[in-house]
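These notes concern the structure reproduced below.
The values are calculated or read from the model by the stated rules, or taken from the named source; none is laboratory data. Just so it is clear, the structure is predicted and the values come from calculations on it, not from any experiment. Reconstructed Cβ throughout: ideal geometry from the backbone, glycine too, with neighbour counts over all protein chains shown.
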Amino acid sequence: MSDPSLFNLQNGDVPEATRPDAPLAYRMRPSTLEEFAGQEGILAPASALRRAIEADKLPSMIFFGPPGTGKTTLAMIIATRTRANFRQVSAVSSGVADLRKVFAEAGDELKYRGRGTVLFVDEIHRFSKAQQDALLPVVESGVVTLIGATTENPYFEVIGPLISRCELYEFLPLSLSELKPLVSRALHDKERGLGSTGFELDESGLEAIAKAGGGDARAALIVLETAADLAPAGHEGFIPLEAVEEAIHHKTAFYQKGGDLHYDAISAFIKSMRGSDPDAAIYWLAIMLTGGEDPKFIARRMVIFASEDVGNADPQALVVATSVSRAVEFVGLPECQLNLAQGVTYLALAPKSNASCRAIGAAMKDVEQEGTRRPPKDLRDSHYPGAKKLEHGKGYKYPHSYPGAVVRQDYLPPGIERRDYYRPADRGFEKELSRRVKELRKATGLEPYTGR
């Protein structure tokens, strides 16, 4: 969440973040486009957004991306450049009544002064549907130009009609080459940064801080400020690597269990296992565990993966995954990370087949399209009173009464053509199952299995 003091901005004023006791990250907040670091993809000199800002012809837009990538900072820069009336609200503390007050003022500005209003809504994903609905008419009519900022994927958290009226700009994590100059500038800036302290960093310390930022400028500056505070006295103005490492240890990894990274991390985790990359899968497991993800959620996804992506290519995969799930319940954190890691590496290296997944998908599609059919009479339940009169079970061939427990018999509903839903892959144990399928179909007189 951004600094609450930012929500008192009006008509091009800028927040007072240069006071000596303000956090370094706020003191170093860029105030011009020239100072702004990163986001070259959307703020290059010839980009549509850059031209719109410089021409003061802003569309309604939503900035989305991880913390510390410049969303709020860019909105503040726009506030200093636009000739429009600039208003801000926090989705955390504002309600529909607050919005209506802003809308009324915006209407008066447009009617009596011919001046539009730019409304900045920080953390717009926290607005309820009703609050987002309230924005629609004023955005559509042009009474308000909306700038929304969110750390979440707007397609998950912002209503479709509002998205359709806005330009979307994704803010990417800052690269090391972008973070290192930013950290160095904060270290040496005598007016806003730590320049008056005389502190210096060697290249290893600078690199460590930039990496610890994880693409988040604010996080990197917090580490720098903490490291400066931890630097021992009499160290000749040099911040030792030990102080940097201790500062990094204090840093909390950014991960929201209900947020965008939650969905992206679990997606990368599953795809890494599916791609048979145990190292990448372990990395994403570490990201989730470090961020406080529920290990039971991870284990459940592993159980699903074992059947969806490994299947009968290695039937043991489901046994391993369910064992991991039980172990997570029994052991708990932190030790259950060992159980998870063991299961993840096994699943990642197991032969892969989605034949069972495709089989149930195809069968479900047929049922949806053709409706539910009753089983043949010889397969129906014949154990209740009256079933015999209905001829249920009549003519059923008990397989164990035949050689090899195999007999020709129709198990699908009458009138339905033969279907080969299950097509085993030619990998792992399913290679053996493929051979069995062919033999059984031949033994029962069914048409030969033709494969994919």
Which residues, taken from region 434-446, are of a type in the set (A, V, I, L, M) and closer than 24 Å to residue 367 by Cβ?
437, 440, 446
Answer yes or no: is there a residue in region 337-348 that is surrounded by fewer than 22 Cβ atoms within 10 Å (Cβ to Cβ), assigned by TED's automatic domain parsing to the domain that holds residue 265, at pLDDT below 95 and not in a helix (DSSP H, G or I).
no
Among the candidates 82, 69, single out the residue that is under 19 Å from residue 40 (Cα atoms), among the hydroxyl-bearing types (Ser, Thr, Tyr) and assigned by TED's automatic domain parsing to the domain that holds residue 148.
69
Here's a check for you: in region 411-438, which residue that is outside any helix (DSSP H, G or I) and aliphatic (A, V, I, L, M) is farthest from residue 315 (Cα to Cα)?
416
Considering only residues that are in a helix (DSSP H, G or I) and over 27 Å from the mean Cα position of the chain (by Cα), which ones fall in region 27-47?
27
May I ask you to verify whether residue 428 is over 30 Å from residue 291 (Cα atoms) and free of Cβ contacts under 8 Å to residues at least 24 places away in the same chain?
no
Scan region 382-410 residue by residue and report those that are within 55 Å of the chain's Cα centre (by Cα), in a loop (DSSP other than H, G, I, E, B) and surrounded by fewer than 10 Cβ atoms within 10 Å (Cβ to Cβ).
383, 384, 398
Qualifying residue in region 72-80 (condition: surrounded by fewer than 19 Cβ atoms within 10 Å (Cβ to Cβ), in contact with a Gly (Cβ under 8 Å, 6 or more places away or on another chain) and closer than 30 Å to residue 221 by Cα):
yes
Exactly one condition in (1) of a type in the set (D, E, K, R); (2) part of a helix (DSSP H, G or I); (3) farther than 25 Å from residue 374 by Cα is not met by residue 441; state its number.
(3)
Checking residue 141 against (1) over 29 Å from the mean Cα position of the chain (by Cα); (2) not assigned by TED's automatic domain parsing to the domain that holds residue 102, the condition it does not meet
(2)
Touching a strand residue (DSSP E or B) at 6+ places or on another chain (Cβ under 8 Å) and either surrounded by 21 or more Cβ atoms within 10 Å (Cβ to Cβ) or of a type in the set (Phe, Trp, Tyr) (or both), is that true of residue 187?
yes
Can you say whether residue 353 is in a loop (DSSP other than H, G, I, E, B) and among the hydroxyl-bearing types (Ser, Thr, Tyr), as far as the supplied structure shows?
yes
Condition met for residue 50 (in a loop (DSSP other than H, G, I, E, B) and among the basic types (Lys, Arg)):
no
